[in-house]
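**Student:** Sharing a structure below in structure tokens format, with a few things to ask.
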Amino acid sequence: MRLTIIGCSGSFPGPESPASCYLIEAEGFRLLLDLGSGALGVLQRHTGLHDVDAVCLSHLHADHCLDLCAYWVARSFHPDGAMPALPVYGPAGTAERIVRACSAQPGTPEAGAPFNFETLTPGTRRIGPFAVTVDHVNHPVETFGFRIEHRGRVLAYSADTGPSDALVTLARQADLLLCEASFLEAPGLPGGLHLTGRQAGEHAARAGAGHLVLTHLVPWNAKQRSFDEASAAFGGKISLAASGQVFDLAPAGPLPL
Ligand SMILES: [Zn+2]
């Protein structure tokens with residue numbers, strides 16, 4: 001399983017990265033986790049417009065889903081003809097949210113979208129070669145964290161969340177935990193919104209994760225502070241996400257013949 005960081009900028013695009021988008025690949029299948037502002041451009045450095053097989057949206061905040069509008073155009077008007085409808089998994093209301101955001105004309109029907117919308121609910125489903133487990137995390141709108149398993153390897157994704165026991169469960173013994181660290185430690189931070197680097201480190205430690213990758217880093221924060229906060233709470237390997245970074249999680253056992 002290969003993870004490519006397409007966008008890791010928190011809450012809005014930064015000068016070095018689009019907003020949230022992660023490309024997960026295995027066995028030739030390409031799954032996008034989130035498609036935030038600016039991500040479709042950088043995505044094309046890593047895969048063709050035709051070559052995405054499914055999209056999962058963690059939640060419906062703009063910085064996690066609105067480049068589906070750009071993708072709507074690219075999938076509908078390609079010179080080779082319209083591309084087949086793409087499965088898009090998201091929280092309840094995803095179809096309405098995306099259709100409304102993408103349509104200048106009120107009343108555009110969902111049926112006109114180049115996407116097949118499917119509503120996520122907590123539990124495990126198979127998407128391509130992946131076993132994908134989702135559960136609600138702690139954010140002001142319905143938001144799903146992810147546990148993605150393939151051939152004995154586990155990648156967990158926090159999405160946007162405040163402190164969350166569900167995230168610890170999703171990330172249990174994960175090889176890699178992609179965890180948001182939007183906030184820097186400060187007095188009076190709002191609860192139920194985002195994590196600090198220290199809290200990301202605490203979640204990784206409680207989960208027994210192998211490698212913590214800090215993401216959703218807000219451009220006006222010093223990344224090194226997020227890293228230092230996480231290091232104080234987690235003794236394992238820590239990385240700061242960057243657009244274009246690739247992480248390979250090799251299969252845990254021999255590949256079947
Ligand atoms: Zn959010």
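The values are calculated or read from the model by the stated rules, or taken from the named source; none is laboratory data. These numbers come from a predicted model, not from an experiment. Cβ atoms come from the backbone with ideal geometry, glycine included; neighbour counts cover every protein chain shown. Remember, those area values only see protein heavy atoms, side chains included, never the ligands or the DNA or RNA. Shrake-Rupley method; radii C 1.70, N 1.55, O 1.52, S 1.80 Å.
**Student:** As a test question: what accessible area, to the nearest 10 Å², does His211 have when a 1.4 Å probe is rolled over all protein chains in place?
**Tutor:** Number for this one is 20 Å².
**Student:** Roughly what % of Cα-Cα distances in the range 17-99 sit above 22 Å, to the whole percent? Walk me through the numbers before you get to the answer.
**Tutor:** Working: 598 of 3403 pairs.
Across the range 17-99, Cα pairs with separations above 22 Å total 18 percent.
**Student:** Same structure again: Sorted by accessible area (1.4 Å probe), largest first, how do Leu214, Leu189 line up? Working shown, then result.
**Tutor:** Numbers: Leu214 0, Leu189 65 Å².
Reading off the accessible areas and sorting them downward yields Leu189, Leu214.
**Student:** Quick one: order Trp220, Trp72 from most to least accessible surface, probe 1.4 Å.
**Tutor:** The most accessible residue leads, giving Trp220, Trp72.
**Student:** Given a 10 angstrom Cα cut-off, can you work out which residue in Asp135, Asp51, Asp175 is the most mobile in a GNM of the chain?
**Tutor:** In the Gaussian network model the winner is Asp51.
**Student:** Tilt of helix 67-76 relative to the longest C-alpha principal axis of the chain, in degrees (0 to 90, nearest 10)?
**Tutor:** For helix 67-76, the angle is close to 30 degrees.
**Student:** Once label points are set 7 Å from the Cα along Cα→Cβ at both Val141 and Lys223, what is their separation, rounded to one decimal in nm?
**Tutor:** About 2.7 nm separates the two model spin labels.
**Student:** If one takes the longest principal axis of the Cα atoms in the chain, at what angle in degrees, from 0 to 90 and to the nearest 10, does the Cα axis of helix 197-207 lie?
**Tutor:** The answer is roughly 90 degrees.
**Student:** Mind jotting down a quarter of the surface of the convex hull over the alpha carbons of the chain, in square nanometres, one decimal?
**Tutor:** Working: hull surface 56.2 nm².
Here the figure is 14.0 nm², rounded to one decimal.
**Student:** Kindly point out, ordered by number, any Cys in the chain whose beta-carbon has no other cysteine beta-carbon under 4.7 Å away.
**Tutor:** Cys8, Cys21, Cys56, Cys65, Cys179
**Student:** While we're looking at this one, here's another question. Have a look at Ala230, Ala26, Ala241 and tell me which one the Gaussian network model of the chain (Cα, springs below 10 Å) gives the largest fluctuation.
**Tutor:** In this elastic network of the chain, the residue with the biggest mean-square fluctuation among Ala230, Ala26, Ala241 is Ala26.
**Student:** Quick check on the chain: helices-only [θ] at 222 nm, where DSSP H runs of length 4 and up contribute -39,500 (n - 2.57) each and the sum goes over total residues. Nearest 500, please.
**Tutor:** The per-residue figure over the chain is -6000 deg cm²/dmol.
**Student:** Run through the range 166-257 and list the GluC sites (Glu not before Pro) located in a DSSP loop whose Cβ has at most 16 other Cβ atoms within 10 Å.
**Tutor:** On the way: sites: Glu180, Glu185, Glu202, Glu229; in loops: Glu185.
Listed in order of number, the matching sites are Glu185.
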